[in-house]
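This report concerns only the one structure given below.
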Amino acid sequence: MRKKNQISVLVVDDSKSFREMLARKLSADPQIQVVATAGDAFEARDKILRYDLDLIVCSQEIPKMSGIEFIKRLLPQYPLPVVMISDTQIGAAARKAGAHDFVEKPNPRSTKTVEDFLIELTLKIRLAVKSGIFFPEKNLATQRIDNNQISQLSVNGQSPDRLIAIGASTGGTEAIYHILKNLRADCPGILIVQHIPPVFSKMFAERLDSQTSLRCKEAQSGDYLETGRVYIAPGDQHMRIKRIGHKYRVEVFPGEKVNGHCPSVDMLFDSVAREAGARAIGVLLTGMGNDGAKGLLDIRRHGGHTIGQDEASSVVYGMNKVAYNMGAVLVQSALENIHHCILSALKE
């Protein structure tokens, strides 16, 4: 029986065993209940009419009609968010057709495990229902129907004092790039401490600015956090924030090394915990040593949402390992899923 506030899901796939596996695994999540499954497009149509659904999970190839064609015919009549299970090429076409997102199905030749697939699918189901429905590109003016009747598209439109703080060391530049390239330009202001030499921090900021949809810069004292902006700590200065009303002012300054580093992740995280508290999302990535672990714990103790990169996807499982072992990490995730974790936390 579906519980109150659970997401009701229909799973459409031609394999009975795969449908049953998905139904069992997805329903193990307390926020999700697979209320029905279907083996082809026409059976799916009947289930849509019969059940009160929140979302459809559909494979790219289903009997009697392709997944893309199913979406094209479905959405004009039944405006439900769809998450497609497909390869990347079909997934891109599914998005154009109106699917909210897609997840690649694991296969023996892929490094993607079933567990990783289920984690990503679960996150995208939650995000699809919380963020609304996207229709085909030809209807861009009315692309989104927001479940909460929010007129703005910004994920933080109701929370102007949200912020994201990221810390990293060895292997962090590529990890940070991977996360930022998958975030939209309307996300809250992002503060980053990457252990990096002077001069290179500015070059890193310029690279991120040119290769992502976010506006990125090397931080300066007096900067105020703005939506869609990223602030990189200079390679030889600490960075912290000060809350001024509903805004956050950035301060950068020279100082003694903390945990062997200047800039120090702990220096930033400590100020974020103090000034932003529960409005903060703290992310600790790959890196040697323990810088940022105590600060991340401080963010969690103040009610913030904390995320740590897992061992398998880390170049060096050091800082994030220390944080995980001391209980600072609320959610541990592979790098490829961290941007989903961030978006999920923002919706919550």
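A few remarks follow.
One line per residue, one yes/no per condition, for (1) polar (S, T, N, Q); (2) more than 23 Å from N5 (Cα to Cα); (3) under 31 Å from the mean Cα position of the chain (by Cα):
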| residue | (1), (2), (3) |
| --- | --- |
| A41 | no, yes, yes |
| K47 | no, no, yes |
| S59 | yes, yes, yes |
| I62 | no, yes, yes |
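- Within segment 219-233, the set of residues being within 24 Å of the chain's Cα centre (by Cα) and of a type in the set (D, E, K, R) comprises E226, R229.
- Index of the failed condition, Y224 passing every other in (1) modelled with pLDDT under 90; (2) touching a strand residue (DSSP E or B) at 6+ places or on another chain (Cβ under 7 Å): (1)
- Candidate set: segment 18-47, residues that are more than 19 Å from G67 (Cα to Cα) and among the polar types (S, T, N, Q); chosen: the one surrounded by the fewest Cβ atoms within 10 Å (Cβ to Cβ): Q31
- Scanning segment 71-95 for residues that are under 22 Å from the mean Cα position of the chain (by Cα) and modelled with pLDDT under 80 gives T88, Q89.
- Residue within segment 56-65 that is surrounded by 16 or more Cβ atoms within 10 Å (Cβ to Cβ) and at pLDDT below 85 present: yes
- For S344, the conditions (1) among the small types (G, A, S); (2) part of a helix (DSSP H, G or I); (3) free of Cβ contacts under 8 Å to residues at least 40 places away in the same chain; (4) out of contact with any Gly (no Cβ under 6 Å at 6 or more places or on another chain) are fulfilled apart from (3).
The values are calculated or read from the model by the stated rules, or taken from the named source; none is laboratory data. Not measured: the values here are computed from a predicted model. So basically every Cβ, Gly included, is an ideal-geometry build from the backbone, and we count neighbours across all protein chains shown.
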